[in-house]
Structures are given as structure tokens and as C-alpha cells.
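To start, the structure itself, in C-alpha cells.
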Amino acid sequence: MSRAFGVIRQLGYVVPDITSAITHWVERLQVGPFFYIERQPVNHFVFRGEPSAPPQISVALAQAGPVQVELIQQRDDVPSAFREFTDAGHEGLQHVAYWTDAFDALVVRAGELGYTELQSGRSGSGRPDERFGYFTAGGHTGTVVEFSEVAGRKAALFDAVAAAAADWDGTDPVRDMTTLVTR
């Protein structure tokens with residue numbers, strides 16, 4: 001457990017080819033099933049302190065024990081933390097995420113520890129309880145911290161991903177994420 005922010009709940013990988021990344025995780029690591037969405041809705045997007053058009057990203061989620069694996073492929077050139085990561089020649093682990101129902105308190109704590117916000121917004125439907133923020137204190141690649149407000153529909157989505165992994169027998173390794181978010 002991180003004394004700074006709690007338990008790391010997600011590992012976020014930025015990849016150039018999400019289909020190949022899913023195949024790797026399923027076939028080589030036997031992690032799955034992955035829930036995939038071609039165009040993840042992002043609302044109220046702010047990048048480096050300025051309101052911005054949101055990036056077009058594809059996302060796949062799976063559970064590996066107590067940790068969620070998130071695969072992200074940005075499909076446009078809109079400035080974002082993901083685009084900066086790939087433009088610097090990186091791929092792979094880009095962030096670790098903490099899930100919270102005390103989003104504002106974690107943001108304050110991050111500031112106290114010298115972190116600055118890279119990007120923020122709301123995922124999914126854009127509801128007020130679907131905030132996310134990515135923060136950095138410098139350092140090396142892959143140490144970006146995400147805070148993800150987990151309540152309501154997002155909590156239900158994450159719970160459903162974990163439940164599917166608990167009973168997964170290796171069949172149907174890629175599933176439509178929208179079947180989970182419409183519940």
C-alpha cells in the first residue's frame with residue numbers, strides 16, 4: 001500500500017496497437033476477459049491547465065487478481081499525457097491509478113507532495129462522480145499517478161470487470177464494454 005495515496009488499483013499501459021496488446025495479455029499472461037470500447041467517452045477534458053478537445057482513445061479493461069489492467073491506444077494527435085508518452089518514444093506502463101471516493105482530498109494531498117496535474121476530466125457519461133486526474137512529480141517514465149473517482153456507474157463497471165475475471169475460463173476473451181456500462 002502506498003502511504004501517500006492508498007492501494008494501487010490499476011496499471012495503465014499506453015500501447016501503439018491495442019488489439020496486439022490484448023492478444024499478448026490474453027495468450028501469454030492468461031489475463032482476461034478484456035472489456036473493450038473503441039471510443040471511450042471523455043468529458044470536461046483539461047490538459048496542462050487548459051480546457052481542450054478530448055483525445056480519441058480506445059480502452060480495454062481486465063482484472064488480474066486485485067489489480068485492474070487498462071490498455072489505452074490514442075487514435076488522434078490531440079495533446080494529452082498519452083500522446084506525450086508515445087511522442088517521447090515510450091510504450092507500456094504509463095500510470096498507476098488509485099480509486100477513491102475522496103477525490104478532492106487526494107488532489108490536495110498530491111499538491112502537498114509536489115505533484116502537478118497533467119490532465120483531468122470525466123469519463124463515461126461525464127457525471128460529476130466520474131472524475132479522473134493524472135498527476136506527476138517528475139521522475140522517470142511510468143510514474144504518472146491517476147486518481148479515479150469510483151462511484152455509481154464507474155464502480156459498477158469496475159466491479160463487473162473483476163467479477164468476469166473471477167469466473168473466466170479462457171473463452172470469449174474480448175467483450176464489448178458497452179454491455180457493462182448500460183446496466
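The values are calculated or read from the model by the stated rules, or taken from the named source; none is laboratory data. For clarity, every value in this text was computed on a predicted model and none was experimentally measured. FYI the Cβ positions are ideal-geometry reconstructions off the backbone, even for glycines, and counts take in every protein chain you see. Areas reflect the complete protein model, heavy atoms only, side chains present, ligands, DNA and RNA absent. Shrake-Rupley method; radii C 1.70, N 1.55, O 1.52, S 1.80 Å.
Write down the accessible area per residue of the chain in Å², having rolled a 1.4 Å probe over the full set of protein chains.
Values: 9020 Å² over 183 residues.
Ligands and nucleic acids excluded, the figure is 49 Å² per residue.
Just to confirm the number: angle between the C-alpha axis of helix 152-166 and the first principal axis of the chain, 0 to 90 degrees, nearest 10?
With rounding to tens, the tilt is 40 degrees.
Can you tell me the 0 to 90 degree angle between the C-alpha axis of helix 18-27 and the longest principal axis of the chain, rounded to 10?
Here the helix axis deviates by roughly 50 degrees.
I'd like the distance separating the alpha-carbon centroids of the range 35-74 and the range 91-114, in whole Å.
Rounded to whole Å, the Cα centres lie 16 Å apart.
If I build a Gaussian network model for the chain, linking alpha-carbon pairs within less than 10 angstrom, which residue out of E38, E50, E70 has the largest mean-square fluctuation?
Among E38, E50, E70, the largest GNM mean-square fluctuation belongs to E50.
Can you give me the angle between helix 103-112 and the longest principal axis of the chain, using Cα atoms only, in degrees from 0 to 90, rounded to the nearest 10?
Computed tilt is about 50 degrees.
Given an 8 Å cut-off on Cα distances and at least 6 residues of separation, report the relative contact order of the range 37-168 as a percent.
Numbers: 227 pairs, mean separation 34.9, N = 132.
Rounded, it is 26 percent for the range 37-168.
Would you mind computing Rg(Cα) / (2.2 N^0.38 Å) for the chain, counting N as its residues?
Details: Rg = 15.5 Å, N = 183, 2.2 N^0.38 = 15.9 Å.
The value comes to 0.97.
Can you give me the distance in nm between label points at H90 and V46, each placed 7 Å from the Cα along the Cα-to-Cβ direction?
Each label point lies 7 Å from its Cα, and together they span 2.2 nm.
In a GNM of the chain with a 10 Å cut-off on Cα contacts, which of G121, G89, G170 has the highest mean-square fluctuation?
G89
Per the 1.4 Å probe, what fraction of the accessible area of the chain, in percent, lies on carbon and sulfur atoms? The partial results should precede the final answer.
Working: 4700 of 9020 Å².
Reported share for carbon and sulfur atoms: 52 percent.
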